[in-house]
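Asker: One structure is given below, represented as structure tokens, and several questions about it will come after.
The values are calculated or read from the model by the stated rules, or taken from the named source; none is laboratory data. As the structure is a prediction and not an experimental result, all values here were calculated from the model. Don't worry about glycine lacking a Cβ; one is built from the backbone with ideal geometry, like all the others, and counts go over all protein chains shown.
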Amino acid sequence: MTAEPLDLICLGRAAVDLYAEQPGARLEDAGSFAKYLGGCAANIAVGVARQGLKVAMLTRVGDEHMGRFVRESLAAEGVDISHVGIDKNRLTGLVLLGIKDRNTFPLIFYRENCADMAIEAADIDAAFVARAQALLVTGTHLSTPGTYEASRRAIDLARQSGGKVILDIDYRPVLWGLAGRGEGEIRYIAADSVSAHLQQIVPLCDLIVGTEEEIRIAGGRDTVIEALHRLRELSAATFVVKRGPYGCSVFPDRIGASLDDGITVEGVAVDVLNVLGAGDGFLAGFLRGWLRGEKLETCCRYANACGALVVSRHGCSPAAPTRAELDDYLARASKIARPDQDERLNHLHRVTTRHHDWPEVMALAFDHRLQLEQLAAECKADIARVPVLKQLIGEAVLQVAADYPGRAGVLTDDIYGRDVLEHLTGRGLWIGRPVELPGSRPLRFMAGNNLALAMRHWPSEHIAKCLVFYHPDDTEELRRVQIDQLATLQEAAIGTGHEFLIEVIPPKDMPPAVDAVSRAVAQIYAAGIRPDWWKLPGLGNESWQAVDALIARHDPHCRGVVLLGLEAPENVLADSFALAAQHAICKGFAIGRSIFMQPARDWLNGPGDDADSAQFIATVAESYRRLIKIWLRYRAR
């Protein structure tokens, strides 16, 4: 079987960035850090992959948690990690970064003897390199004998197979031993030894990219124009000079008297938050066009826009725009004075960078709190048994989930279900977690006014689930309060990087209406609320069509709808499944009491010993499995 061709292989740094979350503070005063994938080559790999190209990474990571994070993060972006080696003797590199002001970005590299700097020539596979249209090497990996030999072997193999060679100069004086360990922010120190070293590679390249300072170090001259003339003596490559807010200039052949003599495309005006990683985003955008043979002016437009979007955001690789986002911006560029403040662009960035695909969700919902408190009281059982009950339900889920990888899930809480929530996290399940105060109408949150603060402590995979008792014919005042709360939820989810789900149930004290749910969905969308998921009761065919049309119009990137059960018997759920399965927007179900309520009653009325618990797990697992099979049968039709 022939291996799939690649557009690009990126060789170089793959590390973990720990970004201070307090812009304006010294790094000494930072109180918390956000963890992102980092490293020049890894950032570019992610950026190019988000533009829809086939990319692979060639590096090493440590055999530890951060190494696994790097591999999983790259894979989640669609980057081929088959040649990301695991080094059992070294740690994955780390970087601590701060944002002091618009011009000051302190950073500390923890990279001494790190895994990605241990890559060797023996790690470079000729067949793998031959699969790629182009190879990208970065300057840091030319700074030590071992990584230089590895880079040189990769370059030679790429040229032998007809591939293009790209050099991102990526000059960090501290990583060449020219600056102190605490001086990672320094971007330029003249050094003849570095210039001579880089000039051994320059003649072998087809594309060379750098800032004005990086071009100067590569050319070994005091001015950027003099450096470009020197580089042209050595190489026929296309030179790309990154000029920050002024855009970029490209020199495919002749070097003139000034940068403006090149193909020059002006930059995009944005409010700068963080320049770190902007160059990586810039190059990712440029390569989208260059690897596809587009005009250099078009490549520059892609590059400038990508760089501008990245500098307006926190982090490096997570800030890179997707193809859908970039295309939307470029189509509306004349109408967007500040892309960093454009609501549509920011929404597109959020919804097109989700990592996990959920083509189907079949979840067991046991986030119930009031209902289980009432059940325990009814059975005269100690309330302390409820958390144990939830742990048993969790074991039933795991038994069934093994047969449906990537499709099973749970809804559970952190009040009575904290232990099971922790137990199930990290197992590949779809996990929803309630935020609403049970039974509240108007909607209130368990965390009160501190919802975002509470969600900051959640694992990233948890989905904020919010049940709102909402009717489209509620009073205007009640609807306004409910909508304001949903807006708070949306803001918290966006701010903390979590997906969120809105569960809509018409309250029992309002007159029934067949279109109540679809009209409620319409009103929530009209208020600017765009959840990642909806959880809705069973609907009639016309209502399903209405919901489908609403989602298509307001948010085509919505993950979809999952069905709720309301403790309906299995035959009623089957009828609901039959209708819902005809609509692709319905991704499955999140049903609980229909599955576990009667077994829970029996268990709470019993001794709760090992035999009792084993029987409970078996009964719940069988009911859950049976409901999955019913759903799949109707979906298959």
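Asker: Using the structure shown, decide if residue 307 is in contact with a helix residue (DSSP H, G or I) (Cβ under 7 Å, 6 or more places away or on another chain), at pLDDT below 95 and among the small types (Gly, Ala, Ser). Don't jump to the end; show me each part of the working.
Answerer: Values: in contact with a helix residue (DSSP H, G or I) (Cβ under 7 Å, 6 or more places away or on another chain): yes; at pLDDT below 95: yes; among the small types (Gly, Ala, Ser): yes.
Against the criterion (in contact with a helix residue (DSSP H, G or I) (Cβ under 7 Å, 6 or more places away or on another chain), at pLDDT below 95 and among the small types (Gly, Ala, Ser)), residue 307 qualifies.
Asker: Another question, if that's okay. Mind telling me which of the residues 477, 436, 499, 491 ends up being of a type in the set (Asp, Glu) and farther than 25 Å from residue 555 by Cα? Don't jump to the end; show me each part of the working.
Answerer: On the way: 436 fails: farther than 25 Å from residue 555 by Cα; 499 fails: farther than 25 Å from residue 555 by Cα; 491 fails: farther than 25 Å from residue 555 by Cα.
Being of a type in the set (Asp, Glu) and farther than 25 Å from residue 555 by Cα holds for just one of 477, 436, 499, 491, which is 477.
Asker: When the residues of segment 584-597 are narrowed to those that are under 31 Å from the mean Cα position of the chain (by Cα) and of a type outside the set (Val, Ile, Thr), which ends up surrounded by the fewest Cβ atoms within 10 Å (Cβ to Cβ)?
Answerer: First, the residues of segment 584-597 that are under 31 Å from the mean Cα position of the chain (by Cα): 584-592.
Within this subset, residues satisfying the condition of being of a type outside the set (Val, Ile, Thr) are 584, 586-590, 592.
Values: 584: 10, 586: 27, 587: 23, 588: 26, 589: 29, 590: 25, 592: 25.
Looking at residues that are under 31 Å from the mean Cα position of the chain (by Cα) and of a type outside the set (Val, Ile, Thr), I get 584.
Asker: Take residue 618 and tell me if it is more than 26 Å from residue 390 (Cα to Cα), among the hydrophobic types (A, V, I, L, M, F, W, C) and outside the structural domain of residue 549 (by TED's automatic domain parsing). Spell out how you get there, then give the answer.
Answerer: Values: more than 26 Å from residue 390 (Cα to Cα): no; among the hydrophobic types (A, V, I, L, M, F, W, C): yes; outside the structural domain of residue 549 (by TED's automatic domain parsing): yes.
The answer is no for residue 618.
Asker: Within segment 598-624, which residues are buried (at least 17 other Cβ atoms within 10 Å of the Cβ) and closer than 20 Å to residue 365 by Cβ?
Answerer: 599, 600, 603, 604, 616, 617, 619, 620, 621, 623, 624
Asker: If you take the residues in segment 542-568 that are at pLDDT below 95 and not small (Gly, Ala, Ser), which one is nearest to residue 626 (Cα to Cα)?
Answerer: Only one residue tops the list, namely 567.
Asker: Okay, moving on. Which members of segment 481-503 meet the condition of being charged (D, E, K, R) and touching a residue at least 24 places away in the same chain (Cβ under 8 Å)?
Answerer: Within segment 481-503, the first condition is being charged (D, E, K, R), and the residues that meet it are 484, 491, 499, 503.
Hits for segment 481-503 are 491, 499, 503.
Asker: Taking only pairs six or more apart or across chains, which ones have beta-carbon atoms under 6 Å, a first residue in segment 250-264 that is part of a strand (DSSP E or B), and a second residue that is loosely packed, with under 11 Cβ neighbours inside 10 Å?
Answerer: none
Asker: Answer with yes or no whether residue 145 is closer than 28 Å to residue 213 by Cβ and modelled with pLDDT under 95.
Answerer: Numbers: closer than 28 Å to residue 213 by Cβ: yes; modelled with pLDDT under 95: no.
Criteria not met by residue 145.
Asker: Same structure again: Return yes or no: is residue 188 aromatic (Phe, Trp, Tyr), touching an Asp or Glu at 6+ places or on another chain (Cβ under 8 Å) and assigned by TED's automatic domain parsing to the domain that holds residue 55? Before you say what the answer is, go through the steps one by one.
Answerer: Values: aromatic (Phe, Trp, Tyr): yes; touching an Asp or Glu at 6+ places or on another chain (Cβ under 8 Å): yes; assigned by TED's automatic domain parsing to the domain that holds residue 55: yes.
Against the criterion (aromatic (Phe, Trp, Tyr), touching an Asp or Glu at 6+ places or on another chain (Cβ under 8 Å) and assigned by TED's automatic domain parsing to the domain that holds residue 55), residue 188 qualifies.
Asker: Check whether at least one residue in segment 1-11 is assigned to a loop (DSSP other than H, G, I, E, B), over 25 Å from residue 171 (Cβ atoms), modelled with pLDDT of 90 or more and not small (Gly, Ala, Ser), and report yes or no.
Answerer: Filtering segment 1-11 for residues assigned to a loop (DSSP other than H, G, I, E, B) gives 1-5.
Narrowing the set further to residues that are over 25 Å from residue 171 (Cβ atoms) leaves 1-5.
Add one more test, that the residue is modelled with pLDDT of 90 or more, and what stays is 4-5.
From what's left, not small (Gly, Ala, Ser): 4-5.
Yes, segment 1-11 contains at least one residue that is assigned to a loop (DSSP other than H, G, I, E, B), over 25 Å from residue 171 (Cβ atoms), modelled with pLDDT of 90 or more and not small (Gly, Ala, Ser).
Asker: Condition (residue is touching a Phe, Trp or Tyr at 6+ places or on another chain (Cβ under 6 Å), of a type in the set (Gly, Ala, Ser) and either assigned to a helix (DSSP H, G or I) or within 22 Å of residue 230 (Cβ to Cβ) (or both)) applied to segment 195-204: is it met by at least one residue?
Answerer: The first filter runs over segment 195-204 and keeps only residues touching a Phe, Trp or Tyr at 6+ places or on another chain (Cβ under 6 Å), leaving none.
Checking segment 195-204: not a single residue is touching a Phe, Trp or Tyr at 6+ places or on another chain (Cβ under 6 Å), of a type in the set (Gly, Ala, Ser) and either assigned to a helix (DSSP H, G or I) or within 22 Å of residue 230 (Cβ to Cβ) (or both).
Asker: Go through (1) out of contact with any Lys or Arg (no Cβ under 9 Å at 6 or more places or on another chain); (2) closer than 20 Å to residue 564 by Cα; (3) buried (at least 22 other Cβ atoms within 10 Å of the Cβ); (4) aliphatic (A, V, I, L, M) for residue 431 and report which single condition fails.
Answerer: (3)
Asker: Next question, about the same structure. Hey, residue 216 hits all of (1) part of a loop (DSSP other than H, G, I, E, B); (2) out of contact with any Lys or Arg (no Cβ under 8 Å at 6 or more places or on another chain); (3) of a type in the set (Lys, Arg) but one; which does it fall short on?
Answerer: Residue 216 satisfies all of (1) part of a loop (DSSP other than H, G, I, E, B); (2) out of contact with any Lys or Arg (no Cβ under 8 Å at 6 or more places or on another chain); (3) of a type in the set (Lys, Arg) except (1).
Asker: Considering only segment 323-337, I want to know if a residue exists there that is among the β-branched types (Val, Ile, Thr), within 12 Å of the chain's Cα centre (by Cα) and assigned to a loop (DSSP other than H, G, I, E, B). Give the derivation first.
Answerer: Keep residues of segment 323-337 that are among the β-branched types (Val, Ile, Thr), which gives 336.
Now narrow it down to the ones that are within 12 Å of the chain's Cα centre (by Cα): none.
Checked against the condition, which is being among the β-branched types (Val, Ile, Thr), within 12 Å of the chain's Cα centre (by Cα) and assigned to a loop (DSSP other than H, G, I, E, B), segment 323-337 yields no hits at all.
Residues checked against (1) at pLDDT 95 or above; (2) buried (at least 24 other Cβ atoms within 10 Å of the Cβ):
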residue: 138; (1), (2): yes, yes
residue: 153; (1), (2): yes, no
residue: 157; (1), (2): yes, no
residue: 162; (1), (2): yes, no
residue: 180; (1), (2): no, no
residue: 195; (1), (2): yes, no
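Asker: Pick out the one residue from 365, 408, 384 that is of a type in the set (A, V, I, L, M) and surrounded by fewer than 16 Cβ atoms within 10 Å (Cβ to Cβ).
Answerer: Numbers: 365 fails: surrounded by fewer than 16 Cβ atoms within 10 Å (Cβ to Cβ); 408 fails: surrounded by fewer than 16 Cβ atoms within 10 Å (Cβ to Cβ).
That would be 384, the only listed residue that is of a type in the set (A, V, I, L, M) and surrounded by fewer than 16 Cβ atoms within 10 Å (Cβ to Cβ).
Asker: Looking only at segment 605-618, which residues are out of contact with any helix residue (DSSP H, G or I) (no Cβ under 9 Å at 6 or more places or on another chain) and assigned to a loop (DSSP other than H, G, I, E, B)?
Answerer: 607, 609
Asker: Sticking with this structure for a sec: Sort through 433, 441, 427 and tell me the only one that's assigned to a loop (DSSP other than H, G, I, E, B), at pLDDT 95 or above and within 27 Å of the chain's Cα centre (by Cα).
Answerer: Values: 433 fails: assigned to a loop (DSSP other than H, G, I, E, B); 441 fails: within 27 Å of the chain's Cα centre (by Cα).
Going through 433, 441, 427 in turn, just one is assigned to a loop (DSSP other than H, G, I, E, B), at pLDDT 95 or above and within 27 Å of the chain's Cα centre (by Cα): 427.
Asker: Here is a check on your reading of the model: is residue 621 aliphatic (A, V, I, L, M), assigned to a helix (DSSP H, G or I) and in contact (Cβ under 8 Å) with a residue 12 or more places away in the chain? Lay out the reasoning, then the answer.
Answerer: Working: aliphatic (A, V, I, L, M): yes; assigned to a helix (DSSP H, G or I): yes; in contact (Cβ under 8 Å) with a residue 12 or more places away in the chain: yes.
Spelling it out, residue 621 is indeed aliphatic (A, V, I, L, M), assigned to a helix (DSSP H, G or I) and in contact (Cβ under 8 Å) with a residue 12 or more places away in the chain.
Asker: Which one is surrounded by the fewest Cβ atoms within 10 Å (Cβ to Cβ) among residues in segment 12-37 that are touching an Asp or Glu at 6+ places or on another chain (Cβ under 6 Å) and not in a loop (DSSP other than H, G, I, E, B)?
Answerer: Taking segment 12-37 as the starting set, the residues that turn out to be touching an Asp or Glu at 6+ places or on another chain (Cβ under 6 Å) are 13-14, 32, 34, 36.
If we keep only those that are not in a loop (DSSP other than H, G, I, E, B) as well, we get 34, 36.
Numbers: 34: 14, 36: 22.
That would be 34.
Asker: Here is a further query. Can you find, within segment 53-71, the residue that is surrounded by the fewest Cβ atoms within 10 Å (Cβ to Cβ) among those that are under 16 Å from the mean Cα position of the chain (by Cα) and farther than 17 Å from residue 320 by Cβ? If you could, list the steps in order and put the result at the bottom.
Answerer: Initial filter on segment 53-71 (under 16 Å from the mean Cα position of the chain (by Cα)): 68-71.
Adding the requirement that they be farther than 17 Å from residue 320 by Cβ leaves 68-69, 71.
Numbers: 68: 14, 69: 16, 71: 20.
Filtering first and then ranking leaves 68.
Asker: Could I ask something else about it? Can you go through 249, 235 and tell me which one is over 21 Å from residue 172 (Cα atoms), within 32 Å of the chain's Cα centre (by Cα) and in the same structural domain as residue 189 (by TED's automatic domain parsing)?
Answerer: Details: 235 fails: within 32 Å of the chain's Cα centre (by Cα).
Answer to the check: 249.
Asker: Name the one entry in 403, 367 that is of a type in the set (Asp, Glu), part of a loop (DSSP other than H, G, I, E, B), farther than 18 Å from residue 562 by Cα and in the same structural domain as residue 634 (by TED's automatic domain parsing).
Answerer: Numbers: 367 fails: farther than 18 Å from residue 562 by Cα.
That would be 403, the only listed residue that is of a type in the set (Asp, Glu), part of a loop (DSSP other than H, G, I, E, B), farther than 18 Å from residue 562 by Cα and in the same structural domain as residue 634 (by TED's automatic domain parsing).
Asker: Restricting the search to segment 371-386, which residues are without any contact (Cβ under 8 Å) to a residue 60 or more places away in the chain and not in a helix (DSSP H, G or I)?
Answerer: Matches in segment 371-386: 380, 382, 383, 384.
Asker: I'd like the residue in segment 317-328 that is in contact (Cβ under 8 Å) with a residue 24 or more places away in the chain and surrounded by fewer than 24 Cβ atoms within 10 Å (Cβ to Cβ) and, out of all such residues, is nearest to residue 298 (Cα to Cα). First the steps, then the outcome.
Answerer: We begin by selecting, within segment 317-328, every residue in contact (Cβ under 8 Å) with a residue 24 or more places away in the chain; these are 317-326.
Still in the list and also surrounded by fewer than 24 Cβ atoms within 10 Å (Cβ to Cβ): 318, 322-324.
On the way: 318: 24, 322: 17, 323: 14, 324: 16 Å.
Per the stated criteria, the residue is 323.
Asker: Another question, if that's okay. For segment 504-545, name all the residues that are free of Cβ contacts under 8 Å to residues at least 40 places away in the same chain, surrounded by fewer than 18 Cβ atoms within 10 Å (Cβ to Cβ) and among the aliphatic types (A, V, I, L, M).
Answerer: Selection gives 510, 514, 526.
Asker: Please pick out the residue among 3, 25, 45, 20 that is closer than 17 Å to residue 136 by Cα and either under 20 Å from the mean Cα position of the chain (by Cα) or touching a residue at least 24 places away in the same chain (Cβ under 8 Å) (or both). Give the derivation first.
Answerer: Working: 3 fails: closer than 17 Å to residue 136 by Cα; 25 fails: closer than 17 Å to residue 136 by Cα; 20 fails: closer than 17 Å to residue 136 by Cα.
The match here is 45.
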